[in-house]
Amino acid sequence: MMQTGWEQAWLSYAEPKDACEVPVTCCPEEDAVLGRAKEELALAAKELPQGKMIWLKQSEEWDKEAYQICVGASDITITGGSSVGILYGVFGLLRRLRTKGLTDGSWSESPKNPLRMLNHWDNIDGSIERGYSGRSFFFSNDKVLFGERTKMYARLCASVGINGVVLNNVNVRQKATNLITQEYLPAVREISELLASYGIRTFLSVNFAAPIELGGLSVSDPLDPDVIQYWRRQTQILYREIPNFGGFLVKADSEGRPGPFTYGRTHADGANMLAKCLEPYGGLVIWRCFVYNCSQDWRDTKTDRARAGYDHFAPLDGLFLPNVILQIKNGPMDFQVREPVSPLFGGLTKTNQMLEVQAAQEYTGQQIHVCYLIPMWKEILSFRTYVTEENDTVADIISGKTFGQTNCGICAVANTGDDQNWTGHDLAAANWYGFGRLAWDPELSSEEIAQEWIVLTFGAQEKLKKVLGDILLNSWKAYENYTSPLGIGWMVNPSHHYGPNVEGYEYDRWGTYHRATRTAIGVERGSAGTGFAAQYREPNASMYEHVETTPEELLLFFHRIPYDYRLKDGRTLLQYIYDTHFAGVEQVEHMIEAFCTCKELIDEKRFARILSRLTAQLQSATEWRDRINTYFYRFTEQPDEHGRCIY
Ligand code: GCU
């Protein structure tokens, strides 16, 4: 299958004018990964200090993914805990060289999170669920794609430390179920070997009903001996073909996907059955907690979707086998621009956990709007759960620091596709790059990550660094300003989720209501309402229980608030909504103005691409502002205090 043109993204090294030799001496025995490390050094030859010898060494005592770099007068030594550590060292060296320059001395690094994964929502027909960057580069027309583009993808991932990839959509429909069969395994093996040569393990999403769909059984009951036998045989075949296969990602009993509930079994029954099959091979079951009633009656004010993850999984804490990881979305709803952290973090103490964030900008502008998500992810990671006296942040839990777990980490729903620039919006690549960097080291600041990415992608001109840096760093807030206010979420068009529709999800079955009237808006989630706030540990539970102590940016997530309620700065809720919506659009106007001053500093093609997205963003942001403001104005009949135009 053909793979079309693509760019080098943040790995566009200076082209060597003449054949430029890099003197590399490899001490450990060369394997596929070391081969990649040397290949990368050769590709980046022009960037390297000429005449310096490069030593690649291994130290058995270190963590496998750790590395140390020593820069001396005549040589550079990269020591890794394994060949993967050396490969990371090579990428680390190149990054340092290209962003800060090299001085003599040494530094070492090791990743803070054991698993640093991308979840692709790619379908086997080549479409991508919530994909905003073209078609899949893994699949097309029920075939697996493999080639130079796959390799470029692997290099980009490895350069930021991503060490696991799920190739296919969590919604495993139709033919994709066959990915675990002999029909597809040779092709999956090709990809997995390539990825493995970059230190990346391959995972597949599986269909819990595969025993029925493929195995000819009448049930997929996890306690049924034939079902167990089916999965045993399947994993055996799988590992025979792909010995370093990572494991399964499972979306069960979620949005119509099959699962153990059909048979009156628990999610622990389901996950553990698969875990037992994978265990002899060192495989993992990554089991998603995105389980809620998606057939709610909007008239039902008792059921609260926000509660569902905790209600389903907290009672199962401690029942999962050691090779099961629960994958938890960052918030209790679904990747909105602002949500509180899922109370499962801090709620679970005896279960392996993995944080799931969404780089694909489903609800944050779909890669037409710029929305740099690293600041959001950093807030999530630094959230204190109070599960222990110290080391209790989400970052601590998922890194294994809190409970000493090793099967844990972080994953992002990928934002890539077969567009030339990989991510549709050129600036959205900062989220892919940034995800990897943050997963490696959650202590890195949003600014540092943005600056690294800008320099590696566009060059080191001060003006560009400033302008693009400001655009990225202000973008999440701007998006939040002109879209749905104060954590309310969901005011989007149904199904495709792009653009404003204030009541788009109001009378639907998805459990996503704001219940606005002419006097107030929001769902009460304190004890007088659904009781969701009590799923947190103290002091968070009390903080969210009361209107006065709820952080203002989440006010409408937790409480039903009258429009004349005074916020801390004295403004009414209504005036705040008007103000932020006007401000958000102005922020986009400023982004465009600033970006245009960089015309000479960016190549024509990329400049035009970005400008056209920013222009589309402005149009959409204006629509958001006017629809939201008009909605509240018509309801309340209260004009804007500053007399601005509302329709
Ligand atoms: C969201 C998204 C779906 C996706 C689901 C999931 O609801 O809109 O397309 O399948 O999340 O995470 O499983």
task = Return the carbon/sulfur percentage of the accessible area of the range 9-109, one whole number, probe 1.4 Å, all protein chains in place.
result = 48 percent
request  = Give the Rg/Rh ratio for the range 103-237, taking Rg as the radius of gyration of the Cα atoms and Rh as the Kirkwood radius, to two decimals.
outcome  = 1.06
ask   = Summing -39500 (n - 2.57) over the DSSP H runs of n ≥ 4 in the chain and dividing by its residue number, what mean residue ellipticity at 222 nm do you reach, to the nearest 500 deg cm²/dmol?
value = -11000 deg cm²/dmol
note = For the pair residue 255 and residue 108, the simple spin-label estimate (label points 7 Å beyond Cα toward Cβ) gives in nm 4.3 nm
task = Over the alpha-carbon set of the range 9-109, divide Rg by the Kirkwood Rh and report the Rg/Rh ratio to two decimals.
result = 0.94
inquiry  = Per 0.36 nm of contour for each residue apart, how much would the distance between residue 638 and residue 53 grow if the chain were fully extended, relative to their Cα-Cα spacing?
reply    = 203.4 nm
query = Suppose every K and R has +1 on its Cβ and every D and E has -1 on its Cβ; what is the size of the dipole of the range 584-647 about the Cα centre, in Debye to the nearest 20?
reply = 320 debye
note = Residue span residue 589 to residue 143: 0.36 nm per residue of separation minus Cα-Cα distance leaves a gain in nm of 156.2 nm
task = Assign unit charges at the C-beta atoms only (+1 for Lys and Arg, -1 for Asp and Glu), then state the dipole size of the chain relative to its Cα centre in Debye, rounded to the nearest 20.
result = 460 debye
inquiry  = Given a 1.4 Å probe and heavy atoms of the protein chains only, how would you sort 298, 453, 107, 510, largest accessible area at the top?
reply    = 298, 510, 107, 453
message = With unit charges on the beta carbons (Lys and Arg positive, Asp and Glu negative) and the dipole taken about the Cα centre of the range 9-109, which residue among 80, 62, 48 sits farthest to the positive side?
response = 48
Two-decimal ratio, the range 115-457, of alpha-carbon radius of gyration to 2.2 N^0.38 Å = 0.94
key: Residues in the range 269-302 reached by a label modelled at residue 507 [backbone nitrogen below 13 Å; 7 Å Cα→Cβ]   = 298-299
request  = Keeping all protein chains in place, calculate the accessible area per residue for the range 81-231 (probe 1.4 angstrom), answer in Å².
outcome  = 31 Å²
ask   = For residue 378, which aspartates and glutamates qualify as cross-link partners when the Cα separation must be under 14 Å and same-chain residues fewer than eight apart are set aside?
value = 339, 356, 396, 441, 443, 447, 448
key: Signed unit charges on C-beta, dipole axis of the chain, positive-most listed residue 124, 410, 584   = 124
query = Over the range 9-109, what is the relative contact order in whole percent, taking alpha-carbon pairs under 8 Å and six or more residues apart?
reply = 26 percent
request  = For the chain, calculate the relative contact order in percent as a whole number, restricting contacts to Cα pairs under 8 Å that are 6 or more residues apart.
outcome  = 12 percent
Sites residue 229 and residue 379 - FRET efficiency at Förster radius 56 Å, r taken between beta-carbons, to 0.05 = 0.75
query = To two decimal places, what compactness ratio does the range 162-236 give when its Cα radius of gyration is scaled by 2.2 N^0.38 Å?
reply = 1.19
ask   = Of the beta bridges DSSP finds with both residues in the chain, what % are antiparallel, to the nearest 5?
value = 30 percent
Beta bridges by DSSP in the range 115-457, antiparallel share as percent, to the nearest 5 = 10 percent
message = Given contacts defined as C-alpha pairs under 8 Å and at least six residues apart, what's the relative contact order of the range 115-457, whole-number percent?
response = 18 percent
remark   = Here, residue 75 and residue 518, labelled 7 Å along Cα→Cβ, have an inter-label distance in nm of 8.3 nm
query = Nearest 0.05, what FRET efficiency do residue 97 and residue 406 give at R0 = 41 Å with Cβ-Cβ as r?
reply = 0.80
remark   = Given a Förster distance of 41 Å, the FRET efficiency implied by the Cβ-Cβ spacing of residue 183 and residue 317, rounded to the nearest 0.05, works out to 0.60
Carbon + sulfur, % of accessible area of the range 185-236 - ligands and nucleic acids excluded, 1.4 Å = 45 percent
ask   = Given just the C-alpha atoms of the chain, how large is their convex hull per residue in cubic angstrom?
value = 156 Å³
query = Tell me, what is the 1.4 Å probe accessible area of residue 563, in Å² to the nearest 10?
reply = 10 Å²
remark   = For residue 63, placing the label point 7 angstrom along Cα-to-beta-carbon and taking the range 434-452, residues whose amide nitrogen sits under 14 Å are 438-444
remark   = Between the modelled labels at residue 27 and residue 564 (7 Å from Cα along Cα→Cβ) the distance in nm is 7.6 nm
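The values are calculated or read from the model by the stated rules, or taken from the named source; none is laboratory data. The structure displayed is predicted, hence computed values, not measured ones. Virtual Cβ from ideal backbone geometry, glycine too; neighbours counted across all protein chains shown. The area values use the complete protein model at the heavy-atom level, side chains included, leaving out ligands, DNA and RNA. Shrake-Rupley method; radii C 1.70, N 1.55, O 1.52, S 1.80 Å.
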